[in-house]
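Have a look at the structure below, then the notes.
The values are calculated or read from the model by the stated rules, or taken from the named source; none is laboratory data. Because the structure is predicted, anything quoted here is derived from the model rather than measured. When we count neighbours, we look across all protein chains shown, and the Cβ atoms used for this are built from the backbone with ideal geometry, even at glycine.
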Amino acid sequence: MRVAVVENTRVSQLGQVGAALAEAGAEIATYRPFLDGTLPADMQAHDALVVLGGEQNALDDTLHPYLPALARLMRAYGEADKAVLGICLGAQILARGYGATNILGAATEFGWHRVRRTAAGASDPVLSAAGPVFPIFQWHSDTFTLPEGAVHLAENSAVANQAFRLGRAAYGTQFHFEANRSVVAEWTEAFPEAAEAMRPDWRRDHPAHAEAHGPEADAAGLALARAWVALI
């Protein structure tokens, strides 16, 4: 099993997705186009594609000129029936690749928030692995419309389009189900000003929130990750 992972920021972790890939014995090739513009060049070299989050928005082509090519690449993997996973920014880029509209600055969430499966999510091979309602970590200001033909899988009161599927195995999740408590703690230390801007007093309050919501969120995230990896 060969998986290409695209990172969009200097501190990126696969977290629960990495744990599930390790269990499956996956061989991972990492790309950091925000540094050098390099993306996977040969789709046949990989069985799946993961695109992680980042500070930029999905339309930030001036500062990050690789974004249009990445959107096209995610769609190409999906149309080739390979497993695709876009998380947060990755989901927004996946939506862009399939012709949806990116909506900037209109949907702010930060911290652990509850997400509800839709009726379609209850029968989906990935979303069905989590409970009907589960806490999961969020860090975003943007959202998107659903691409034509997408299956709507999860929602909450703040953001309608929390998860979707295109075809057999191309998934976008606005929420960070890869972000277990260790990942969130590292982000809190790596990006203190950004975290405080999203939620004042986050560094002070973070331990209590992690204790209250982290165990259930970690379990849901690992269940989702294992279910997605099973589709590769």
Original post:
Name the residues in the range 29-88 that are over 17 Å from the mean Cα position of the chain (by Cα) and polar (S, T, N, Q), would you?
Top reply: Thr38, Gln44, Thr62
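Quick grid of which residues meet (1) more than 21 Å from Leu222 (Cβ to Cβ); (2) in contact with a Cys (Cβ under 6 Å, 6 or more places away or on another chain); (3) touching a residue at least 60 places away in the same chain (Cβ under 8 Å); (4) not hydrophobic (A, V, I, L, M, F, W, C):
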| residue | (1), (2), (3), (4) |
| --- | --- |
| Val3 | no, no, yes, no |
| Asn8 | yes, no, yes, yes |
| Ala29 | yes, no, no, no |
| Glu55 | yes, no, yes, yes |
| Leu73 | yes, no, no, no |
| Tyr77 | yes, no, yes, yes |
| Ala106 | yes, no, no, no |
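In the range 198-211, is there at least one residue being closer than 17 Å to Gln16 by Cβ, without any contact (Cβ under 8 Å) to a residue 24 or more places away in the chain and in a helix (DSSP H, G or I)? Please lay out each step first, then the result.
Step one: of the range 198-211, the residues closer than 17 Å to Gln16 by Cβ are 210.
Of the ones still in play, those that are also without any contact (Cβ under 8 Å) to a residue 24 or more places away in the chain are none.
Within the range 198-211, not a single residue is closer than 17 Å to Gln16 by Cβ, without any contact (Cβ under 8 Å) to a residue 24 or more places away in the chain and in a helix (DSSP H, G or I).
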Original post:
Looking only at residues in the range 70-123 that are among the β-branched types (Val, Ile, Thr) and not in a strand (DSSP E or B), which one is surrounded by the most Cβ atoms within 10 Å (Cβ to Cβ)?
Top reply: Ile93
Subject >> Where a residue in the range 176-197 is without any contact (Cβ under 8 Å) to a residue 40 or more places away in the chain and closer than 15 Å to His209 by Cβ and its partner, wherever it lies, is small (Gly, Ala, Ser) and assigned to a helix (DSSP H, G or I), with Cβ under 7 Å and at least six apart >> reply: Arg181/Ala210; Arg181/Gly214; Thr188/Ala195
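Return a yes/no flag: does the range 200-209 have any residue that is over 19 Å from Ala122 (Cβ atoms), of a type outside the set (A, V, I, L, M, F, W, C), in contact with a helix residue (DSSP H, G or I) (Cβ under 7 Å, 6 or more places away or on another chain) and at pLDDT below 95.
Of the residues in the range 200-209, the ones over 19 Å from Ala122 (Cβ atoms) are 200-209.
Subset that is of a type outside the set (A, V, I, L, M, F, W, C): 200-201, 203-207, 209.
If we keep only those that are in contact with a helix residue (DSSP H, G or I) (Cβ under 7 Å, 6 or more places away or on another chain) as well, we get 203, 206.
Going one step further and asking which of them are at pLDDT below 95, we end up with 203.
Scanning the range 200-209, I find at least one residue that is over 19 Å from Ala122 (Cβ atoms), of a type outside the set (A, V, I, L, M, F, W, C), in contact with a helix residue (DSSP H, G or I) (Cβ under 7 Å, 6 or more places away or on another chain) and at pLDDT below 95, so the answer is yes.
Say we look at the range 124-183 and pick out the residues that are in a helix (DSSP H, G or I) and of a type in the set (A, V, I, L, M); which of these is nearest to Glu196 (Cα to Cα)? Give the steps one after another, and end with the answer.
First pass over the range 124-183, keeping only residues in a helix (DSSP H, G or I): 127-129, 181-183.
With of a type in the set (A, V, I, L, M) added as a condition, the list becomes 127, 129, 183.
Numbers: Leu127: 31, Ala129: 32, Val183: 17 Å.
Step by step, filter the range 124-183, then rank; the result is Val183.
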